[in-house]
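Student: One structure, pasted below without further comment.
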Amino acid sequence: MLGGPPDEATATFLRAVPADRRTVRTEVEVEHDGRRLRSRRALLRDDRDRTVLTMTGLRYTPG
């Protein structure tokens, strides 16, 4: 989604990731999609719709 690996990435764990085979889902949002900078935000949610992890990735494109 960023056109390659991120140049910068930040992940924040808000609670433990379920290890007992419960379902988790990922939501990805476009924060910015410019010519030189792309930013995406991903949320990992557990089966009770609680946010487990947030992650932001940035990719810079040479001008």
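The values are calculated or read from the model by the stated rules, or taken from the named source; none is laboratory data. Note that this is a predicted model, so its numbers are computed, not measured. Using ideal geometry, Cβ is built from the backbone for each residue, glycine included, and neighbour counts are taken over all protein chains shown. These area figures cover heavy atoms from the full protein model, side chains too; ligands, DNA and RNA do not enter into them. Shrake-Rupley method; radii C 1.70, N 1.55, O 1.52, S 1.80 Å.
Student: So, with +1 on the Cβ of K and R and -1 on the Cβ of D and E, and no other charges, what is the size of the charge dipole of the chain about its Cα centre, to the nearest 20 debye?
Tutor: Values: 13 positive and 10 negative charges, 9 e Å.
Once rounded to the nearest 20, the dipole reads 40 debye.
Student: Next question. Which whole-number value in Å² is the accessible area per residue of the chain, probe 1.4 Å?
Tutor: On the way: 4670 Å² over 63 residues.
So the chain comes to 74 Å² accessible per residue, rounded to a whole number.
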